[in-house]
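Reading through the structure tokens given below for one structure.
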Number of protein chains: 2
Amino acid sequence: MKPSIVKVFALVVVMTAALTDVAQAAGPAKPLAADPLPSWNDGAAKTSILEFVARVTTKGSPEFVPPAERVAVFDNDGTLWAEKPMPFQAFFALDRMKALAPQHPEWQTQEPFASLLKGDMKAALEGGERAVVQLLMATHAGMTSDEFEKIVSEWIATAKHPKTGRLFTEMVYQPMLELLSYLRANSFKTFIVSGGGIEFMRPWSERVYGIPPEQVIGSSIKTTFELRDGKPVLVRLPEINFVDDGPGKPVGIQMHIGRRPVAAFGNSDGDLPMLQWTAAGSGPRFCLFVHHSDADREWAYDRASIGGLNKGLDEARAGGWTVVNMKTDWKRVFAFEKP
Amino acid sequence: MKPSIVKVFALVVVMTAALTDVAQAAGPAKPLAADPLPSWNDGAAKTSILEFVARVTTKGSPEFVPPAERVAVFDNDGTLWAEKPMPFQAFFALDRMKALAPQHPEWQTQEPFASLLKGDMKAALEGGERAVVQLLMATHAGMTSDEFEKIVSEWIATAKHPKTGRLFTEMVYQPMLELLSYLRANSFKTFIVSGGGIEFMRPWSERVYGIPPEQVIGSSIKTTFELRDGKPVLVRLPEINFVDDGPGKPVGIQMHIGRRPVAAFGNSDGDLPMLQWTAAGSGPRFCLFVHHSDADREWAYDRASIGGLNKGLDEARAGGWTVVNMKTDWKRVFAFEKP
């Protein structure tokens, strides 16, 4: 070839490649739909979600899942909203204890209350699990269900996070809100399956997450039906009924939903049995762990943390589950962040 | 006035009244919608249902109830399907016991199994509640949830009622099926709240009643999560978890739904707490008892019957609740009846 022809040929090759790139970037001629997950960066995690939803909702596809079976379950603490410096229900219990303290002079000397009232968490927690249960029962039992709902509603309307100064209901993850909406727009029924108290979440789950009370599953204390002066009431008793954590999560799912989810979302080893139960179903399944990797915008913790993600990270790798790297996969963590 | 004028005046009054009657009977000029409850005879019971639904679904009405709050709860045995000569789950337990007997030679001498295998119900029931629990645990526990679902599905597909020779799923009340559909067409969410086993109802509730498993509430035994050779399973344990009957019904409603129903349907005193709980809510509420009054087409029983309606009849009268007289209010009881 003459040098000039070589040059022209090279130019044609380069131009063809460039035009192909442009054409591919532009995609098909039809206008692109608005991004349903705008707070998610493009990457493997986002792609895995979009691809799974496309697979199970495409009619005629061998992996099509009928709408009635599109059950998606979400852990709450650390998956839908933050859980540091401690699960937010613990702030509720402490605030409630302070509010009730004047009616309980004996708490000034009785543990764990005495230490808690002095703000000495470390001393209070020396009582171990028993101390936590005592605090929970003192603050969560002894009233009717209607009264408890009112107490929670009033608290959640004003209580603020100690670090950000935001309402706890603002400490929800914007990318997860988008994911909830996206799944519902694709006829998924979204459920919360949390170790937190079922009646602690219900008063605000519909407003904040779009999840109605009948789709909230959580831990509970026993309740009894009574007629008080002829008026029926449900009274909350100081006795644990069900712990919806770890191996309790698949049990809670079976009790409340009665069918196996096709998608499960968690962030800790306490969610692992729920993800295992979901993954073991036949047909297409989707499992995702949120990995707290962003110490600047949120918190960074996993293997070493109490209630953290350790075994789950290994199982996710082995099972090909999606692991969200908060730092790189999420454009925004909270809605209140400056974009 | 002259007599002739009086006559003309009287005629005008009479004609006006007559024309008004005709106009009212004819209703608005638009064509009437098809009757949503064709198996219900016209009468107070049917009218009370239609009027209640109109009141709570009319936008702008002071009694309007938003769709999300339109929760309707239904007892199952004796309310949605028949329960004579005994609750159908008891037939399942007996059939299951017979199927399992070859693996349990000890049952030949051990009560209540020995008497039950001989068909001597009376002797078997001398063991009282303990005998019933033993039968239930022997037939309902010891397998996984998936296995139990399969066992129930196979039984319900073929087992027949001893008197009518019909499948048990044909022993459902046609007027109640229409009522379920009518409520759902008006954006009610319909739930079963039954003393029967939650996992006994779920495998067929969607097909027969249009009620999905997550809207079935019932009695349960404990379940535990296990990994068997790495495969997650839920194992049914021989231990009672929750009795969803009598005062247990409002507790089950709170646990599973988390909001008070606006409408409740039952047929026995075991449903009374559920109806009381429903009725005591603020705003419009609807409570209905099915009264078994038709010995020809179904069965006739109430005050004297075990699991019958006694206190409930009095409370219904006092509270202005609807009592369905099966004999006069229902045009058809079962779909298989000749019209």
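The values are calculated or read from the model by the stated rules, or taken from the named source; none is laboratory data. Not measured: the values here are computed from a predicted model. Heads up, the Cβs are rebuilt from the backbone with ideal geometry, glycines too, and the neighbour counts pull from every protein chain shown.
Laid out as a table, the results:
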{"quantity": "Of all residues in segment A:184-222 being among the basic types (Lys, Arg) and closer than 23 Å to A:Leu167 by Cα, the one that is farthest from the other protein chains (Cβ to nearest Cβ)", "calculated": "A:Arg207"}
{"quantity": "Test: residue in segment B:113-128 that is acidic (Asp, Glu), closer than 26 Å to B:Ile49 by Cβ and assigned to a helix (DSSP H, G or I)", "calculated": "no"}
{"quantity": "One residue from B:Thr169, B:Thr139, B:Thr164 being among the hydroxyl-bearing types (Ser, Thr, Tyr) and not in a helix (DSSP H, G or I)", "calculated": "B:Thr164"}
{"quantity": "Some residue of segment B:309-332 being of a type outside the set (Phe, Trp, Tyr), farther than 16 Å from B:Val71 by Cβ and touching a Pro at 6+ places or on another chain (Cβ under 6 Å)", "calculated": "no"}
{"quantity": "The lone exception for B:Gly165 - which of (1) away from every other protein chain (no Cβ under 14 Å); (2) surrounded by fewer than 23 Cβ atoms within 10 Å (Cβ to Cβ); (3) under 16 Å from B:Gly78 (Cα atoms) it fails", "calculated": "(3)"}
{"quantity": "When residues of segment A:223-267 are limited to those that are more than 28 Å from B:Ala279 (Cα to Cα) and at the interface with chain B (Cβ under 7 Å from one of its Cβ atoms), the one surrounded by the fewest Cβ atoms within 10 Å (Cβ to Cβ)", "calculated": "A:Arg259"}
{"quantity": "Qualifying residue in segment A:288-300 (condition: in contact with a strand residue (DSSP E or B) (Cβ under 6 Å, 6 or more places away or on another chain), touching a residue at least 40 places away in the same chain (Cβ under 8 Å) and of a type in the set (S, T, N, Q))", "calculated": "no"}
{"quantity": "Residue in segment B:157-167 that is touching a Leu at 6+ places or on another chain (Cβ under 8 Å), without any contact (Cβ under 8 Å) to a residue 40 or more places away in the chain and among the polar types (S, T, N, Q) present", "calculated": "yes"}
{"quantity": "Qualifying residue in segment B:132-139 (condition: within 12 Å of chain A (Cβ to nearest Cβ) and either surrounded by fewer than 19 Cβ atoms within 10 Å (Cβ to Cβ) or touching a Lys or Arg at 6+ places or on another chain (Cβ under 7 Å) (or both))", "calculated": "no"}
{"quantity": "Single match in A:Glu106, A:Glu63, A:Glu83, A:Glu51 (criterion: surrounded by fewer than 17 Cβ atoms within 10 Å (Cβ to Cβ) and in contact with a Gly (Cβ under 9 Å, 6 or more places away or on another chain))", "calculated": "A:Glu63"}
{"quantity": "A:Glu126 being modelled with pLDDT of 95 or more and out of contact with any Cys (no Cβ under 7 Å at 6 or more places or on another chain)", "calculated": "no"}
{"quantity": "From the options B:Pro247, B:Pro238, B:Pro212, residue that is free of Cβ contacts under 8 Å to residues at least 12 places away in the same chain and within 25 Å of A:Ser220 (Cα to Cα)", "calculated": "B:Pro212"}
{"quantity": "When residues of segment B:174-203 are limited to those that are surrounded by fewer than 24 Cβ atoms within 10 Å (Cβ to Cβ) and among the basic types (Lys, Arg), the one nearest to A:Gly258 (Cα to Cα)", "calculated": "B:Lys189"}
{"quantity": "Lone qualifier among A:Lys331, A:Lys311 - being more than 30 Å from A:Thr57 (Cβ to Cβ) and modelled with pLDDT of 95 or more", "calculated": "A:Lys311"}
{"quantity": "Exclusive hit being over 20 Å from B:Val233 (Cβ atoms) and free of Cβ contacts under 8 Å to residues at least 40 places away in the same chain, set A:Ala304, A:Ala335, A:Ala280", "calculated": "A:Ala304"}
{"quantity": "Criterion violated by A:Ala101 - all others in (1) touching a residue at least 40 places away in the same chain (Cβ under 8 Å); (2) in a helix (DSSP H, G or I) satisfied", "calculated": "(1)"}
{"quantity": "Residues that are more than 10 Å from chain A (Cβ to nearest Cβ), among the polar types (S, T, N, Q) and either in contact with a Lys or Arg (Cβ under 7 Å, 6 or more places away or on another chain) or closer than 21 Å to B:Thr190 by Cβ (or both), drawn from segment B:268-286", "calculated": "B:Ser268"}
{"quantity": "Qualifying residue in segment B:294-303 (condition: surrounded by fewer than 17 Cβ atoms within 10 Å (Cβ to Cβ), in contact with a His (Cβ under 8 Å, 6 or more places away or on another chain) and more than 11 Å from chain A (Cβ to nearest Cβ))", "calculated": "yes"}
{"quantity": "Exclusive hit being of a type outside the set (Asp, Glu), out of contact with any Cys (no Cβ under 8 Å at 6 or more places or on another chain) and either in contact (Cβ under 8 Å) with a residue 12 or more places away in the chain or closer than 27 Å to B:Phe289 by Cα (or both), set B:Phe225, B:Phe148", "calculated": "B:Phe148"}
{"quantity": "Hey, A:Val73 within 27 Å of A:Tyr173 (Cα to Cα), surrounded by 14 or more Cβ atoms within 10 Å (Cβ to Cβ) and of a type outside the set (Phe, Trp, Tyr) or not", "calculated": "yes"}
{"quantity": "Matching entry among B:Ala304, B:Ala316, B:Ala335 (being under 24 Å from B:Val53 (Cα atoms) and among the small types (Gly, Ala, Ser))", "calculated": "B:Ala316"}
{"quantity": "Failed item, numbered, when A:Glu149 is tested on (1) away from chain B (no Cβ under 14 Å); (2) out of contact with any strand residue (DSSP E or B) (no Cβ under 7 Å at 6 or more places or on another chain)", "calculated": "(1)"}
